[in-house]
Protein chains: 2
Amino acid sequence: MTIKARLAGRAREVEAFLATCLRGRGIPDRLLASMEYSLLAGGKRLRPVLTLAWASMLGSDPARVMPFAASLECIHTYSLIHDDLPAMDDDDLRRGKPSNHKQFDEATAILAGDGLLTEAFSLMSEAALVHGLPPERVLRAVSLLASAAGGGGMVGGQAVDMAFTGRTEVALEELRQMHAMKTGALITAACECGAVLAGASNRDVENAREYGRAIGVAFQIVDDVLDVEGDTNTLGKPAGSDAAMGKSTYPALIGLGRSRELASEYTAQAVERLADYDGEEKSLLADLARYIVDRVC
Amino acid sequence: MTIKARLAGRAREVEAFLATCLRGRGIPDRLLASMEYSLLAGGKRLRPVLTLAWASMLGSDPARVMPFAASLECIHTYSLIHDDLPAMDDDDLRRGKPSNHKQFDEATAILAGDGLLTEAFSLMSEAALVHGLPPERVLRAVSLLASAAGGGGMVGGQAVDMAFTGRTEVALEELRQMHAMKTGALITAACECGAVLAGASNRDVENAREYGRAIGVAFQIVDDVLDVEGDTNTLGKPAGSDAAMGKSTYPALIGLGRSRELASEYTAQAVERLADYDGEEKSLLADLARYIVDRVC
């Protein structure tokens with residue numbers, strides 16, 4: 001089976017959980033519809049798949065880790081909804097469909113994001129309280145994830161990105177740092193949390209973190225490359241939008257060829273971090289790292 | 001010492017913690033400035049004071065509970081920032097100063113709210129990981145607080161409130177339910193989390209919850225009354241703004257006199273829940289409940 005098909009299988013397992021995880025929580029109908037509109041809009045489910053694979057490779061029962069893994073998709077989805085808002089990137093399309101504030105309205109989109117971020121922490125605590133993971137591990141993972149998603153991570157990265165837009169000179173190191181916060185931190189935390197939830201050794205946790213860091217950079221470089229080379233229909237968003245908005249990108253700073261090379265170097269670093277392991281999860285994680293540079297959307 | 005002075009003393013202790021709690025987390029300067037602008041803008045610090053008083057009355061060391069208590073103020077502050085946004089209540093003033101999006105910009109205000117909500121969960125996890133509270137208790141409290149703040153609580157209440165605006169007929173029961181979600185849930189959780197963090201019995205936790213529920217309703221009724229009777233300078237926001245926006249309120253539905261009576265009834269219910277306890281914290285909580293109906297801002 002191709003890695004694409006294997007990943008799609010994993011994504012379906014995550015989606016089965018996501019489809020019900022917001023139900024029975026007393027969320028008013030229209031708000032719930034708005035939250036589920038974005039949460040169930042497809043996507044690779046990369047972050048929960050990473051958490052589950054690392055946890056499983058290091059000995060955890062994936063069924064117990066699932067609520068925590070799902071929380072990562074809630075956080076990722078909230079960030080997309082808020083990033084698309086008129087005051088932010090002002091995007092009308094997301095995955096080929098109207099963005100949340102276009103489908104509903106701006107107030108509902110803000111609240112849907114706030115709600116998804118908050119429910120994420122309900123899901124995390126339920127990984128211990130309902131699904132029996134040890135509370136100490138869950139709290140360590142909550143702390144990691146909150147740091148990765150907060151002002152020193154994803155939210156801070158979006159603030160820095162907004163400040164870049166329209167600036168004519170952004171150095172490669174600034175760009176790298178911004179992406180490390182905006183998208184890298186959450187991908188890194190997805191892997192690291194998997195290891196922490198499995199009660200892994202410091203060495204294993206470090207492997208998970210560095211694997212995540214490396215694929216995070218590779219993923220972002222390829223995202224920039226695809227915005228130049230990709231096709232609007234395949235991407236589900238307008239190609240060339242970065243250039244049109246005057247955004248700094250890897251291809252703009254170091255060229256397309258060097259960007260692709262750099263992505264491959266990071267992929268190799270990620271695969272090296274899997275040397276200690278074997279089995280199906282290791283093979284999935286290795287193939288996933290390689291797939292990131294080969295994908296077309 | 002008057003209850004107002006005693007509460008101000010408690011608020012200062014909370015503020016001393018809030019003043020540094022976002023530092024050293026790698027938050028970019030302008031975003032940090034925006035988060036602290038609202039977090040350190042004064043206010044009664046009612047929610048953290050409630051958490052600390054309940055935890056302390058039931059045997060916890062307040063110093064250990066402080067990070068968790070502070071997280072409630074982060075969540076409350078984020079909700080005010082987002083509620084003030086142009087797409088929501090579109091308020092230019094908050095506590096007599098420009099609201100966050102007026103002082104900074106809309107994108108920064110959205111991100112400051114997102115950041116405060118996320119850092120709140122960092123603070124909660126640190127109550128266990130750094131300050132030594134038992135992980136099981138902290139996770140139970142995280143779960144309570146996430147439910148209270150999420151789509152079935154505060155965020156959902158704001159969504160319902162937005163849907164009410166401009167509607168000519170809102171029943172008393174609908175109004176009560178909306179406030180129970182929008183403001184009541186977080187005040188209730190503030191009390192309940194204090195009891196849970198102290199490792200209290202089910203009976204104590206229930207007392208904390210019902211005390212919080214009662215003062216939450218009283219607080220909201222008085223808020224509505226003050227919007228009619230109050231003075232713009234004392235309130236720090238335009239008096240009469242509810243009526244101007246066509247908002248349903250207790251005075252509009254049942255009159256000013258009956259509204260004040262109802263607030264007193266809820267206060268009495270709250271005080272009854274303190275019958276099992278004694279000492280300084282009990283006296284503070286009882287006086288606080290009575291003060292809620294006597295306050296002028």
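The values are calculated or read from the model by the stated rules, or taken from the named source; none is laboratory data. The structure displayed is predicted, hence computed values, not measured ones. Don't worry about glycine lacking a Cβ; one is built from the backbone with ideal geometry, like all the others, and counts go over all protein chains shown.
Step by step: first the residues of region B:175-184, then only those that are free of Cβ contacts under 8 Å to residues at least 40 places away in the same chain and more than 13 Å from B:Ile215 (Cβ to Cβ), then the one that is surrounded by the most Cβ atoms within 10 Å (Cβ to Cβ). Which residue is that?
Looking at the filtered set, the residue picked out is B:Met181.
Consider only pairs whose beta carbons are under 9 Å apart and that are at least six residues apart or on different chains; among these, list those whose first residue lies in region B:25-42 and is modelled with pLDDT under 95 and whose second residue is of a type in the set (A, V, I, L, M).
B:Gly42/B:Ala11
Return yes or no: is A:Ser60 in contact with a helix residue (DSSP H, G or I) (Cβ under 8 Å, 6 or more places away or on another chain), of a type outside the set (D, E, K, R) and farther than 21 Å from A:Ser125 by Cβ?
No, not satisfied.
Take B:Arg45 and decide whether it is at pLDDT 95 or above, within 14 Å of chain A (Cβ to nearest Cβ) and under 21 Å from B:Asn100 (Cβ atoms). Give the derivation first.
Values: at pLDDT 95 or above: yes; within 14 Å of chain A (Cβ to nearest Cβ): no; under 21 Å from B:Asn100 (Cβ atoms): yes.
Taking the combined requirement at face value, the residue does not satisfy it.
Could you tell me which residue of region A:26-59 is nearest to A:Ala200 (Cα to Cα), considering only residues that are in a loop (DSSP other than H, G, I, E, B) and not hydrophobic (A, V, I, L, M, F, W, C)? Lay out the reasoning, then the answer.
Filtering region A:26-59 down to residues in a loop (DSSP other than H, G, I, E, B) leaves A:26-28, A:40-45, A:58-59.
After this cut, where a residue has to be not hydrophobic (A, V, I, L, M, F, W, C) as well, the list is A:26, A:28, A:42-45, A:59.
Numbers: A:Gly26: 36, A:Pro28: 40, A:Gly42: 31, A:Gly43: 29, A:Lys44: 26, A:Arg45: 23, A:Gly59: 8 Å.
Filtering region A:26-59 for residues that are in a loop (DSSP other than H, G, I, E, B) and not hydrophobic (A, V, I, L, M, F, W, C), the one nearest to A:Ala200 (Cα to Cα) comes out as A:Gly59.
Does A:Gln158 satisfy being surrounded by 23 or more Cβ atoms within 10 Å (Cβ to Cβ) and closer than 21 Å to A:Ser248 by Cα?
On the way: surrounded by 23 or more Cβ atoms within 10 Å (Cβ to Cβ): yes; closer than 21 Å to A:Ser248 by Cα: yes.
Answer is yes for this residue.
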